[in-house]
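Student: Have a look at this one before I ask anything.
Just so it is clear, none of the values below were taken in a lab; they were calculated from the coordinates. If you're wondering where the values come from, they're calculated on a predicted model, not measured in any experiment. So basically every Cβ, Gly included, is an ideal-geometry build from the backbone, and we count neighbours across all protein chains shown.
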Amino acid sequence: MYAEIIIPLALPKNYTWMIPEPLQSELMTGMRVEVMLGANKRYAGIVKKITSEKPADFNPKPILSILDDQPILYPKQMALWEWMALYYMCTEGEVMQAAVPSHLKISSESVFIFNEAHTNDAKNLSDSEYLVTEALEIRKALNLVEIQKLLEKKSVYPVVNKLIQKGICLVQENMNDKYKIKEEIFILLHPDYRKEDALESLLNDWTRAPKQLELLLAFLHYEKTEGDVRQKEMLEKSGASSAQLKALIDKGVLIAEKRKKDRLKTDPSLGNQDFHTLSVNQLAAFQSIQTQLVKQPVHLLHGITGSGKTQIYVALINEVMKQNKQALYLLPEIALTAQMIRRLKQYFGGSIAIYHSKFNPNERVEIWNKVKTGEIKIVLGARSALFLPYKDLSLIIIDEEHDPSYKQQEPAPRYQARDTAIYYASQLGAKVVLGSATPSVETYFNAVSKKYGYTYLSERYNQGALPTIQLIDTKKQMAGNHILTPELLANIKKTIENKKQVILFQNRRGYAPYLICETCGWIPHCEHCDVTLTYHKAKNVLSCHYCGASYPIVTTCKACGKQHFKQKSFGTEQIEEKLNQSLPGVIVARMDLDNVKGKNEHDQLIQQFEQKQIDILVGTQMVVKGLDFENVDLVGIVDADSLLNFNHYRVNERAFQMMEQVSGRAGRKNDQGKVLIQVSQMQHPIVQWVQNHDYFGFYAFEIQNRKHFAYPPFSRLVSLLFKHKENNIAEEAIYHFFQSLGPAIQKTVLGPAQPLVNRVRNKYIWELAVKISKQPDALQMAKKQLLHYIRLLQVHPRYKSVQIIIDIDPN
Ligand code: ADP
Ligand code: ZN
Ligand code: ZN
């Protein structure tokens, strides 16, 4: 017997291994197996197919071991992977990379790290497990080769796999992606005393050590009111000593357990809150969605900012819960804030799990397993949550469906999670609800064409009015100082005097996007990319936002030798500085990639703002997404022109969405908010529609454009990037490719051309895009042809080293 196996690599096809006689009866598709590739690469692959047919052209190597006693995937998932590989023109191995958490993907590159917090007893370990555990304890980290030497066995994965399952070691996918494990000590009641009467007699029969009893009672109180009890907090609050605690632990009454810090906290005060009663409009929307979903499995909930879409999702999920089925709630990663999590946990408590790629890997496996058994009913997650092994998924909610981050850019699979979810739901017989205040043009088009059901919520909850929007003409301002116009500053001042808060949006981070020599106009560029360097004042460096390289500040012009530089344009850092200068005493915080590293800092900043410890929040896109602050009265868009001036067929759509979304952060509760937009193109139609909150006006205009130029949704785009370290080779290759396509396809090609940024990380880039008709099969045919010519290029002696990146439905 033979097995076709997916391994997490970009191999052109899946390879086949031989199933040794003793493993044949156990092996099933969807299980992980240990296999060798080449002489010394070892992987945990997933069995896709079992067959009796021996490959014609080679002698397959044997599978070394089986890692699972049950498949880790459902057949529907494997079918999804296959579809994705086909549709997005990538390999199933690449899909596996994106889909499976790292702990289920051991390979020769993996490093196994000792988990200091594990709680296994040596007597429960096999000899081999014990041997490796001991070595791990001393060395802290081992790779597969080292483990293999230790065990002197051919097959080592079963041992490693057990150690992972027992939490003795953690997997690091490669040397470069290190994660720190932060731990805290939690105090728990010993299971013996979990039984009511056991605890009662313990307390009744307590004679000596009254301080210990006091501490025990304090513990029981905290556990009841707060759920998880942290050792540190408990000692602080109760005023007890660690010796008293130790005595209770030694007596076997309490246990101390080290846990990872980012582990899900269960808060018993959550999960039992009553659902908000839906307003009349919300209830009507909810019912309209329910009714339409029966006939049309995909639905667009178009609701203005603050209309209570989240409330409706909650009601929809609640229906799913009643049927004891599963629901998936997808959000853009950046919108998956503690605030949002808290909101949902209030209703669903422990039935909900949070899943995204930056989560603790152990926990991701735990969620994987519990979703598979159906124990977890609701998953709130970023796009990768789509790949969990749902037992019975019946509803997928895709919030902020217009958000570009649903598309994975780098690396492959370059998939659009919203579209993939819609396909997957159709295979599962599940329903999809897309939600947005500013639907993507494609989605709204599908609603208008009756392909999707549609519900519109035109009012804010409680009849709250949408904010008024005023434009400030920056052309009329004195040259040089229009970063913050007097009008904007005066409004900020007034808002803060009224004890309200302000959000300022600027789509560029750093201090100044570039420096320019006053004498000759020379601009410092990155050595590796064709990009001007951004000046960061606090760190005092110039930095490349494409490859991350930093450079010391230039003081002398490389072209003319003069020493006078001017700063051009401005970023969030400079706005923050200007605010601090103009409004002394006001507390300003900045939310951008430089200042906010990781989820925790993001959440902290949101919390501080929520608790009014901050007056003004200045930020990039991060302040746009899904935040719900009740005290924000003023939103300022500092430089709207920067959103309007770039060359992309989606520029109007993105600019409208961004401005409308950031406006939506103002006046969400109670008072009507105000939005000030600083712009020089006062007459730009997009600005006008934003001013009137007129999505429909925007759409009517935009859809005409798209139709006229045959852009999506009237066509599909496939974009191809050609990359090479020599510009002329990349250029020749793309023209060679273009010529080979023949006149019929050539007519539909945009380019070849160099993108605006035409060199990144020392590679020159050329691009072209093919517009493909929406006729059935047209995409299939086109892909086939493109692939054919790509293959030819890949064997061409001069061009085979050109890297070609295919992107289907690019952003
Ligand atoms: P959207 O997602 O459409 O922007 P939200 O769901 O965030 O809107 O709702 C906006 C605000 O109004 C939130 O603070 C929410 O708690 C509140 N809200 C919405 N609907 C209700 C309701 N039916 N009862 C109580 N509060 C509500
Ligand atoms: Zn100069
Ligand atoms: Zn660079």
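Student: Quick one: order 32, 230, 460 by neighbouring beta-carbon count within 10 Å, fewest to most. Could the numbers behind the result be given before it?
Tutor: Working: 32 25, 230 17, 460 22.
In order of increasing Cβ crowding within 10 Å: 230, 460, 32.
Student: Got a sec? How would 777, 633, 641, 57 order by Cβ neighbour count within 10 Å, fewest to most?
Tutor: Values: 777 8, 633 23, 641 14, 57 5.
With the fewest neighbours first, 777, 633, 641, 57 line up as 57, 777, 641, 633.
Student: Among 421, 155, 736, whose Cα sits farthest toward the positive end of the charge dipole of the chain (+1 at Cβ of Lys/Arg, -1 at Cβ of Asp/Glu, about the Cα centre)?
Tutor: Most positive-ward Cα: 736.
Student: Check the straight Cα-Cα distances from residue 725 and name the aspartates and glutamates below 20 Å, setting aside those fewer than 8 residues away within the same chain.
Tutor: 410, 527, 530, 767
Student: Based solely on its DSSP helices, what 222 nm [θ] is calculated for the chain when runs of n ≥ 4 H residues each add -39,500 (n - 2.57) and the sum is averaged over all residues, nearest 500 deg cm²/dmol?
Tutor: The per-residue figure over the chain is -10500 deg cm²/dmol.
Student: Let me ask another. Which of the pairs 76/154; 537/566; 105/391; 166/372; 537/612 have their Cα atoms more than 24 Å apart in this structure?
Tutor: Details: 76/154 33 Å; 537/566 14 Å; 105/391 21 Å; 166/372 19 Å; 537/612 27 Å.
Cα-Cα > 24 Å for 76/154; 537/612; rest within.
Student: If I stretch the segment between residue 551 and residue 681 completely, what's the gain in nm (0.36 nm per residue apart, minus their alpha carbon distance), one decimal? Present the calculation step by step, with values, prior to reporting the outcome.
Tutor: Numbers: separation 130, 0.36 × 130 = 46.80 nm, distance 3.47 nm.
Going from the current span to full extension adds 43.3 nm.
Student: So, how do all the Cα-to-Cα distances of the range 63-167 break down into 10 Å bins, in percent, from 0 on up?
Tutor: With 10 Å bins starting at 0, P(r) equals 12, 40, 28, 16, 4, 0.
Student: Enter the Cα centre distance for the pair the range 188-250 and the range 758-811, rounded to the nearest angstrom.
Tutor: The two parts, judged by their Cα centres, are 65 Å apart.
Student: Report the local net charge at residue 308: Lys and Arg +1, Asp and Glu -1, summed over other residues whose C-beta lies under 14 Å from its C-beta. Mind dumping the intermediate values first?
Tutor: Values: positive: 309, 343, 460, 668, 669; negative: 399, 459, 628, 630.
Summing Lys/Arg as +1 and Asp/Glu as -1 gives +1.
Student: Still on this model: Just to check I understand the Karplus step: with θ = phi - 60° and J = 6.51 cos²θ - 1.76 cosθ + 1.60, what whole-Hz values come out for the range 678-694, glycine and proline as x?
Tutor: Here the 3J(HN,Hα) series is 8, 7, 9, 8, 4, 8, 4, x, 4, 4, 4, 5, 4, 4, 9, 6, 9 Hz.
Student: Sticking with this one: Given R₀ = 35 Å, FRET efficiency for residue 559-residue 357 by Cβ-Cβ distance, to 0.05?
Tutor: Working: r = 44 Å, r/R0 = 1.25.
My answer for the efficiency is 0.20.
Student: Within the P(r) computed for the range 37-102, what percentage of the Cα pairs occupies the region above 17 Å? Working shown, then result.
Tutor: On the way: 1176 of 2145 pairs.
Cα-Cα pairs of the range 37-102 separated by over 17 Å account for 55 percent.
Student: Cα-Cα over 29 Å: which of 13/370; 309/500; 13/41; 358/407? Please report the intermediate quantities before stating the final value.
Tutor: Numbers: 13/370 31 Å; 309/500 25 Å; 13/41 17 Å; 358/407 17 Å.
In this structure, 13/370 lie more than 29 Å apart at Cα.
Student: Turning to a different aspect of this structure: If we restrict to alpha carbons, what Rg and Dmax does the chain come to, in Å?
Tutor: 29.3, 95
Student: Here's a follow-up. Take the alpha carbon atoms of the range 666-725, find their center, do the same for the range 356-410, and report the distance between the two centers in whole angstrom.
Tutor: After rounding, the separation between the Cα centres reads 30 Å.
Student: Return a whole-number percent for the relative contact order of the chain, with Cα pairs under 8 Å and 6 or more residues apart as the contact set. Write down the numbers at each step before the final one.
Tutor: Numbers: 1454 pairs, mean separation 76.6, N = 811.
Once divided by the residue count of the chain, the mean separation gives 9 percent.
Student: In percent, what relative contact order does the range 345-496 have, based on Cα pairs under 8 Å that are 6 or more apart in sequence? Walk me through the numbers before you get to the answer.
Tutor: Values: 128 pairs, mean separation 23.7, N = 152.
In percent, rounded to a whole number, it is 16.
Student: Explain nothing, just the number: dipole magnitude of the chain about its Cα centre with +1 on each Lys and Arg Cβ and -1 on each Asp and Glu Cβ, in debye rounded to the nearest 20. Kindly include the intermediate steps, with their values, before the conclusion.
Tutor: Values: 100 positive and 86 negative charges, 276 e Å.
Charge dipole of the chain: 1320 debye, to the nearest 20.
Student: Once fully extended, how much extra length lies between residue 24 and residue 143, figured as 0.36 nm per residue of separation less the alpha-carbon to alpha-carbon distance? Don't jump to the answer; show the numbers that get you there.
Tutor: Details: separation 119, 0.36 × 119 = 42.84 nm, distance 2.90 nm.
Gain on extension, residue 24 to residue 143, equals 39.9 nm.
Student: Sticking with this structure for a sec: Report the normalised scattering of the range 311-388 as log10 I(q)/I(0) at q = 0.14, 0.24 Å⁻¹, calculated by the Debye formula with identical scatterers on the alpha carbons.
Tutor: Relative scattering, expressed as log10 I(q)/I(0), comes to -0.41, -1.25.
Student: Nearest 5 percent is fine: what portion of the DSSP beta bridges confined to the chain is antiparallel? Walk me through the numbers before you get to the answer.
Tutor: Details: 66 of 118 bridges.
The answer is about 55 percent antiparallel.
Student: Right, next: In whole Hz and in residue order, list the ³J(HN,Hα) couplings for the range 72-89 that follow from phi through the Karplus curve 6.51 cos²θ - 1.76 cosθ + 1.60, θ = phi - 60°; x for Gly and Pro.
Tutor: 8, 10, 8, x, 4, 5, 5, 5, 5, 4, 5, 4, 4, 4, 6, 5, 8, 6
Student: Please identify which residues in the range 12-32 have an amide N closer than 16 Å to a label point set 7 Å out from the Cα of residue 59, following the Cα→Cβ vector.
Tutor: What the label zone holds, given the 16 Å backbone N cut-off, is 17-20.
Student: If you don't mind, another one. Please identify the cysteines of the chain that lack any partner cysteine with a Cβ under 4.7 Å from their own Cβ.
Tutor: Unpaired cysteines in the chain: 90, 169, 547.
Student: Please work out the Cα center distance from the range 6-27 to the range 77-131, rounded to the nearest Å.
Tutor: The two parts, judged by their Cα centres, are 16 Å apart.
Student: If R0 is 22 Å, what FRET efficiency do you get for residue 777 and residue 79 from their C-beta distance, rounded to 0.05? The partial results should precede the final answer.
Tutor: Working: r = 20 Å, r/R0 = 0.93.
In this case the efficiency is close to 0.60.
Student: Moving on. Rank these for me by crowding, 29, 438, going from fewest to most other beta carbons within 10 Å. Walk me through the numbers on the way to the answer.
Tutor: Details: 29 16, 438 26.
Ascending Cβ contact count within 10 Å gives the list 29, 438.
Student: Quote the charge dipole size of the range 542-619 about the Cα centre in Debye, to the nearest 20; the model charges only the Cβ of Lys and Arg (+1) and of Asp and Glu (-1). The partial results should precede the final answer.
Tutor: Details: 9 positive and 9 negative charges, 105 e Å.
Rounded to the nearest 20 debye, it is 500 debye.
Student: So, in nm, how far is label residue 792 from label residue 165 when the simple model puts each one 7 Å beyond its Cα toward the Cβ?
Tutor: Reported label-point gap for residue 792 and residue 165 is 5.2 nm.
Student: Tell me, what is the percent relative contact order of the range 41-187, built from C-alpha pairs under 8 Å that lie six or more residues apart? Display every interim value, and only then the final one.
Tutor: Working: 130 pairs, mean separation 44.5, N = 147.
Contact order relative to length: 30 percent.
Student: Which order do peptides 794-802, 654-662, 156-164 fall in by mean Cβ count within 10 Å, highest first? List each step's numbers first, then the result.
Tutor: Numbers: 794-802: 13.3, 654-662: 23.9, 156-164: 22.0.
The most tightly packed comes first, giving 654-662, 156-164, 794-802.
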